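Engineer: Sharing a structure, written as structure tokens. Questions coming.
The values are calculated or read from the model by the stated rules, or taken from the named source; none is laboratory data. Because the structure is predicted, anything quoted here is derived from the model rather than measured. With ideal geometry, Cβ positions are generated from the backbone for all residues, glycine too; neighbour counts draw on all protein chains shown.
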Amino acid sequence: MIHLQSLERFISILESFSAEHPELSLGELVEKTNLPKPTVYRIVEAMVKYNILSKNKKTMRYKVGVKLFELGSIYLASMELRDIAFPYLDWLQRQTGESIHLGILDGNEVVSIEGLESAHSLRLKVWIGKRAPVHCTAIGKAILAFLPSEEQNEILSEISLESFTKSTIVSMEELEIELKKVKNEGISKDLGEHEDGIHCIGAPIFDRKGNVVASISVSGPAVRMTEEKMKKYKPLLLKAANGISKKLGYSS
């Protein structure tokens, strides 16, 4: 109950800002929220610390911070991306008969933002909003391999190479070799690294500036996703990924 109350106060403060009132003083926030001044001060200072709000040290007034802009941009980009990508995901699912995922990087994880399930009774479940590690999933490695070196190194320095199966790469040296291989071949693989008995192949998606912004993957049980099948699906996967990239303005 205490946590819910804190959240309600947090939202109440955020909703005090508007186009008409983009900057507010502590007193104005107290008046708008009807909360005690010490409470408002404690919350807004915490929000400043995490860049949810910013504070002008000269005027001592608060305004919406860059973190909300970043989150809003991610939301808008992901919504546009989903709309653009869906016909290609649908085509790829019909061509392969397997489960298809569309994912984006969020921090040091990948998040599934769209997907289609296989029609087979034995299939990989598609969970929209599901988070997964970048180091042992095809959808994660497809993004990680194509990030700028500085950004890639930052993520590699922060993640723990958690072992999920006997096949999970837990050596940073091996992972770096794997990422170079992904970049050279244009696709990534997960041969039971995240979940036993599940094989996946993934490919990156680029925006008009040539930045990797997402990835798609074809996933299925190892009994169907054999090496021969993955070789067959590779050009189909790349065709779908390249189609989405071109719709986003990318020109290789």
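Engineer: Which one is modelled with the highest pLDDT among residues in segment 121-133 that are surrounded by 15 or more Cβ atoms within 10 Å (Cβ to Cβ) and either in contact with a helix residue (DSSP H, G or I) (Cβ under 7 Å, 6 or more places away or on another chain) or basic (Lys, Arg) (or both)? Spell out how you get there, then give the answer.
Structural biologist: Narrowing segment 121-133 to residues surrounded by 15 or more Cβ atoms within 10 Å (Cβ to Cβ): 123-124, 126, 130, 132-133.
From the residues that got through so far, the ones that are either in contact with a helix residue (DSSP H, G or I) (Cβ under 7 Å, 6 or more places away or on another chain) or basic (Lys, Arg) (or both) too are 123, 130, 132-133.
Numbers: Arg123: 56, Lys130: 79, Ala132: 88, Pro133: 92.
The qualifying residue modelled with the highest pLDDT is Pro133.
Engineer: Now for a different question. Considering only residues that are of a type in the set (A, V, I, L, M, F, W, C) and out of contact with any Ser or Thr (no Cβ under 9 Å at 6 or more places or on another chain), which ones fall in segment 132-152?
Structural biologist: Val134, Leu147
Engineer: Here's another thing I want to ask about it. Working only within segment 215-229, note down all residues that are among the hydrophobic types (A, V, I, L, M, F, W, C) and modelled with pLDDT under 95.
Structural biologist: Across segment 215-229, the qualifying residues are Ala222, Val223, Met225.
Engineer: For segment 99-120, which positions are aliphatic (A, V, I, L, M), modelled with pLDDT under 90 and touching a strand residue (DSSP E or B) at 6+ places or on another chain (Cβ under 6 Å)?
Structural biologist: Scanning segment 99-120 gives Val111, Ile113, Leu116.
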